[in-house]
Amino acid sequence: MKILNNGIYFGNYYKLLKNYFLNKNFFSKKIILLDINTKKYCLHYFLSKTNLFNKYYIINIFSGEEEKNIYTCKKIWKKLIKLNADRNSIVINLGGGVITDLGGFACSVFKRGLNFINIPTTLLSMIDASIGGKTAINFFSLKNEIGLFNYSKIILIDKNYLKTLSEDEIKSGLSEIIKYGLIYDINLWNKIRVFSFSKIKFLLYEIIFKSINIKNNIIEKDYKEKGLRKILNFGHTIGHAIESYFIYNLNKRLSHGHSIAIGMICESWISYKMKIIKKTEFEEIYNVLSIFYKKMKIYNSDIYKILYFMKHDKKNQNKKIKFSLIKKIGYCLYNIEVDYELIKESIQNNLIYDRK
């Protein structure tokens, strides 16, 4: 078991959580926010480990990225009002990235701020979404367009929740771990690139802690994303746009991790074409990511739709699309302006597409 800064507890710290609630007995309401999957697969385990509620309430929402919107927020707020939740209430966000993003945002603005705790149940939320104080919802199909910075009181990382996940869900989180290696830690990258997926599963405990530590170190240097923290967006400028394109234009789910993997391939290709990295480095990145993530089909005529989503990326300045790009494996640049035509070519060269 390990304790990191910013209230992150890595391991079986349920006793600490129980003491926290006992010492903070002024909490007027204890509320658990979850979705239909975490209610089915995680709630019983959580309650069995904590055994800290004489009385608690549940707010249950549907699963999926498409639920991370203002309408679901309104449902949560209405439920909080019906429960007579006040500023002394506390919400436990039990779930994946949608729950921690959405729950954190809903709590942060309700009555100008409810206490909340994040207990991530997916690999992606353990190493990324629940860490760093970002809360947000999607708006008008734009990813994380409305949000704010607000730390949860506690983040409890319990790897036992990973037993409930499918292989695709593990791969979705693995994409962000690969990103940490590419932008910050070549040793982590070298460890991942030589293993098959089946072998990586046995390294999860080690690489989860390493990934959380990397993100935490970056955030401590740049909480509000004015500089260094922007490197965490590598793969996300194109990746978020592709994720939104599949959800809102094709009405299909493409996992966040798969979308970011495609984004990392495209953005590594841009780095190569801009002569920031060598061709051999791009090929190494491409070959590793291609083992875990398959190419996806898009229509050539739809590329402008993906570019539309990118135009609203939060890193942009003066209507210019700004990227975080790999300078070498283990080191990343940020605030790099990239020409529209080169972005378009990166998609055409690295995704399967129909010339419609």
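Computed about its Cα centre, the charge dipole of the chain is approximately 860 debye, with only Lys, Arg, Asp and Glu carrying charge at their Cβ. For the chain, the relative contact order works out to 14 percent when only alpha carbon pairs closer than 8 Å and six or more residues apart are counted. Over the range 307-356, the reciprocal of the mean inverse Cα-Cα separation, the Kirkwood hydrodynamic radius, stands at 12.3 Å. In this structure, the residue pairs whose Cα-Cα separation is over 28 Å, taken from Lys30/Lys68; Lys78/Lys153; Lys201/Lys275; Lys111/Lys230; Lys230/Lys311, are Lys201/Lys275; Lys111/Lys230.
Secondary-structure-derived ellipticity at 222 nm for the chain, considering helices only, amounts to -14000 deg cm²/dmol, per-run term -39500 (n - 2.57) for DSSP H runs with n ≥ 4. Amide hydrogen proximity for Asp185: with H placed 1.01 Å from N in the peptide plane, the residues at 5 or more positions away or on another chain lying under 5 Å are Gly330. With the cut-off at 1.5 for a/c, could you classify the range 18-121 from its C-alpha gyration tensor as rounded, prolate or oblate? Note, shape of the range 18-121 comes out oblate. Based on every Cα atom in the range 124-280, Rg and the maximum pairwise Cα distance Dmax equal 15.8, 45 Å. Global size of the range 87-179: 13.3, 40 Å for Rg and Dmax (C-alpha atoms, Rg to one decimal, Dmax whole). The value of relative contact order for the range 159-313, using C-alpha pairs under 8 Å at least six residues apart, is 23 percent. Protein heavy-atom surface of the range 1-144, 1.4 angstrom probe: 51% of the accessible area is carbon and sulfur, with nucleic acids and ligands not counted.
Solvent exposure of the chain, expressed per residue, is 46 Å² of accessible area, with all protein chains present and a 1.4 angstrom probe. Per-atom-type breakdown for the range 192-347 gives carbon and sulfur 49% of the accessible area (1.4 Å probe, protein chains only). Between Asn287 and Thr164, the modelled label-to-label distance comes to 3.9 nm, taking each label 7 Å out from Cα in the direction of the beta carbon. Under 5 Å between amide hydrogens, which residues at least 5 positions from Asp35 or on another chain qualify, with H placed 1.01 Å from N in the peptide plane? Sorted by chain and number, the residues that satisfy this are Ile61. Among the aspartates and glutamates, which fall within straight-line cross-link reach of Lys224, defined as a Cα-Cα distance under 19 Å, with same-chain neighbours fewer than 8 residues apart omitted? Qualifying aspartates and glutamates at Cα under 19 Å: Asp101, Asp128, Glu145, Asp313.
For Lys15, the aspartates and glutamates whose Cα comes closer than 20 Å to its Cα, not counting residues fewer than 8 places off in the same chain, are Asp158. Diffusion coefficient (Stokes-Einstein, Kirkwood radius over C-alpha pairs, 20 °C, 1.002 mPa s) for the chain: 103 µm²/s, rounded to a whole number.
Applied to the range 171-186, the Karplus parametrisation 6.51 cos²θ - 1.76 cosθ + 1.60 on θ = phi - 60° returns per-residue 3J(HN,Hα) values of 5, 4, x, 4, 4, 5, 5, 4, 4, 4, x, 5, 8, 9, 9, 5 Hz, with x for Gly and Pro. Note on Arg112 and Lys252: the model spin-label points, each 7 Å out from Cα along the C-beta direction, lie 4.8 nm apart. Put the Cα centre of the range 117-195 next to the Cα centre of the range 225-297 and the gap is 16 Å. If eta is 0.692 mPa s and T is 37 °C, what Stokes-Einstein diffusion coefficient results for the range 235-356, Kirkwood Rh from Cα pairs, in µm²/s? D = 229 µm²/s. Amide H contacts of Gly95 (H built 1.01 Å from N, in plane; Pro and chain starts excluded): Ile119, Thr121 sit under 5 Å, all sequence-distant by 5 or more or on other chains. Springs join every pair of Cα atoms under 10 Å in this Gaussian network model of the chain, and among Arg112, Arg193, Arg253 the largest mean-square fluctuation is at Arg112. Just so you know, the Rg over Rh for the range 50-101 is 0.97, from Cα atoms, with Rh as the Kirkwood radius.
Most mobile of Lys215, Lys311, Lys252 per a Gaussian network model of the chain (Cα springs, under 10 Å)? In the Gaussian network model the winner is Lys252.
Where q = 0.14, 0.19, 0.29 Å⁻¹, what log10 of I(q)/I(0) comes from the Debye formula for the range 123-163, counting one point per Cα? Per q value, in the given order, log10 I(q)/I(0) is -0.40, -0.66, -0.99.
The values are calculated or read from the model by the stated rules, or taken from the named source; none is laboratory data. Because the structure is a prediction, the values reported are computed rather than measured. Neighbour counts are summed over all protein chains in view; Cβ atoms, including those assigned to glycine, are modelled from backbone coordinates with ideal geometry. To get the accessible areas, we keep the full protein, side chains included, count just its heavy atoms, and leave off ligands, DNA and RNA. Shrake-Rupley method; radii C 1.70, N 1.55, O 1.52, S 1.80 Å.
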